[in-house]
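The values are calculated or read from the model by the stated rules, or taken from the named source; none is laboratory data. Bear in mind that the values here come from a model prediction, so they are computed numbers and not experimental data. Heads up, the Cβs are rebuilt from the backbone with ideal geometry, glycines too, and the neighbour counts pull from every protein chain shown.
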Amino acid sequence: MNITVLGGLKEIGGNKILVEHKGTRILLDFGMSLSQAGKYYSEFLQPRKCALLTDFFEFGLLPQIKGIYREDYLSHMNMAKEEKEVDGVFITHAHADHAQYIHFLRFDIPVYCTRATEVILRVLEETGSNPLSDLVTACEAFTFYTNKKGRQSRVTRKKTDFVHVRDIEVMEAYQGVKVGSLEVELVPVDHSLPGACGYIVHSDEGNLVYTGDIRFHGSNQELSKEFVKRAKAAEPRWLLSEGTRMESTERDSEEGVKRKIAGFIADSKELVFVEHPIMDLDRVTSIFEAAKENNRHFVVNLKLAYLITELGDLSPFALDEVEILVPRKSWGLIGKEGIDSKLVEQDYSVWERSFINRENCITYRELRRNPAKYVVSMSLWELNQLTDIKPSSDAIWIKSSCEPFCDEMELDEERKRNWLEHFKIKEYFAHASGHASGDEIRAMVKEINPEVLIPIHTEHPELF
Ligand SMILES: [Zn+2]
Ligand SMILES: [Zn+2]
């Protein structure tokens, strides 16, 4: 078996691993390296669509290997047509550093993942303004068609003939799938979003275990323990292990985060805001339960409402159990008397419209009237609603997400502090990582006991 780490070595994320065995080739994850991409691009210096592949090759943001990239890009960027040379890509979870670059893959390469991962990728695609969508469906780019007037038009997503549905193969927990000479088994793990898994790749030359991103302190910690058991039983020759927090000995606890948030809420007599990673349903559940313990309603934003709906039975609670905050956007017509609902709808994206007229919808007016009744999920991108909500100086903000790790995030954080200072809102902190500590990783590696260890998703491979 040949294992080539194409991304994720000596850095956190951007995992792309090519596994070759007797003519079979698979990829494990195909993610974006945030640190590498951030070296050349920013919010205001975006990659150009017309030269995405060539520009990304130039900066080493994508590996130059044959037979994996989408044909519309290859031909538009004057590169030779290629035959498909990869039999499948196995995605561990829907975080961008593991899944974002599916965007670049040929439409006929099967993408294997869990059902929750498929749902999250779809939600990201449908709600995002991200130019690198095309995760579950892909629209043929740089293509023209002849319109009704007999002239040439550019293809957009509205021309459904040109939209391809990717071959997403949803796998069940502990299911194995045969791909050529390999058998790949999906093994769920605990991480900071639903549907995370690792893989065990079985071959006649030995087995390979890949952890994906893993932790042992979330509400699904039993899954990670079972993962270690199965990985050990596979007597692997190779172990690809993540090591995000190798330098840390601190054991985190999601249960501890919930207790802390519940405590902050109990001490507050005013509105409580919580900032959290939107896709982290484990955290969302902690906040939901902490609110409930304090007889408060949890208020979600439209995106979270959509995610909960799409996850269906995979979500730990139903949309009816929370309130939905409908923000004033665009013309800000929501809640105005005597305005046709069709006109109000136009303030919102198409996917948002089914969530603005439900019985459990509220607006800033209700938050102003009854601040002590609610715990509100709020991101840095929704701070502009504070001028509508007009929170009192006794309102609190709980930051339940990771510390900024790049300059852009530092600036966002500083901007948030300005907003909070303006409204005299006090900030509190409660967070647990999505990753196991160094000690836990070392114990896991010892237990699995591979012949060869390949550290990945870490800035400190020397600590293994
Ligand atoms: Zn990651
Ligand atoms: Zn992750």
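Taking the criterion of being at pLDDT 95 or above and in a helix (DSSP H, G or I), the residues of the range 383-409 that qualify are 383, 384, 385, 386, 387, 388, 389.
Table: residues versus (1) within 16 Å of ligand 2 (Cβ to nearest atom); (2) part of a loop (DSSP other than H, G, I, E, B).
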| position | (1), (2) |
| --- | --- |
| 39 | no, no |
| 60 | no, yes |
| 73 | no, no |
| 78 | no, yes |
| 83 | no, yes |
| 97 | yes, no |
| 101 | yes, no |
| 108 | no, yes |
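Scanning the range 189-238 for residues that are more than 16 Å from ligand 2 (Cβ to nearest atom) and either outside the structural domain of residue 17 (by TED's automatic domain parsing) or crowded, with 24+ Cβ neighbours inside 10 Å (or both) turns up 201, 208, 209, 231. The residues in the range 434-464 that are within 16 Å of ligand 2 (Cβ to nearest atom), buried (at least 18 other Cβ atoms within 10 Å of the Cβ) and assigned to a loop (DSSP other than H, G, I, E, B) can be counted, and the count is 5. For the range 110-133, the candidate set comprises residues that are modelled with pLDDT of 95 or more, outside any helix (DSSP H, G or I) and away from ligand 1 (no atom under 16 Å from the Cβ); within that set, the residue that is surrounded by the most Cβ atoms within 10 Å (Cβ to Cβ) is 112.
Listed by first and then second residue, the pairs with beta-carbon distance under 7 Å, at least 6 apart or on different chains, first residue in the range 386-399 and under 14 Å from residue 263 (Cα atoms), second of a type in the set (Phe, Trp, Tyr) and part of a helix (DSSP H, G or I), are 396/264; 398/264.
Say whether the condition of being assigned by TED's automatic domain parsing to the domain that holds residue 268, among the acidic types (Asp, Glu), surrounded by 17 or more Cβ atoms within 10 Å (Cβ to Cβ) and out of contact with any Leu (no Cβ under 8 Å at 6 or more places or on another chain) is met by at least one residue in the range 347-356. Checked against the condition, which is being assigned by TED's automatic domain parsing to the domain that holds residue 268, among the acidic types (Asp, Glu), surrounded by 17 or more Cβ atoms within 10 Å (Cβ to Cβ) and out of contact with any Leu (no Cβ under 8 Å at 6 or more places or on another chain), the range 347-356 yields no hits at all.
For residue 112, the stated conditions do not hold, so it cannot be described as within 16 Å of ligand 2 (Cβ to nearest atom) and under 29 Å from residue 215 (Cα atoms). Please indicate, with yes or no, whether at least one residue in the range 94-109 is away from ligand 1 (no atom under 16 Å from the Cβ) and of a type in the set (Gly, Ala, Ser). So far as the range 94-109 goes, no, none of its residues is away from ligand 1 (no atom under 16 Å from the Cβ) and of a type in the set (Gly, Ala, Ser).
Selection within the range 173-188: residues that are part of a loop (DSSP other than H, G, I, E, B) and touching a Lys or Arg at 6+ places or on another chain (Cβ under 8 Å). The member of this set that is farthest from residue 446 (Cα to Cα) is 180. Of all residues in the range 357-369, those that are touching a strand residue (DSSP E or B) at 6+ places or on another chain (Cβ under 9 Å) and outside any helix (DSSP H, G or I) total 5.
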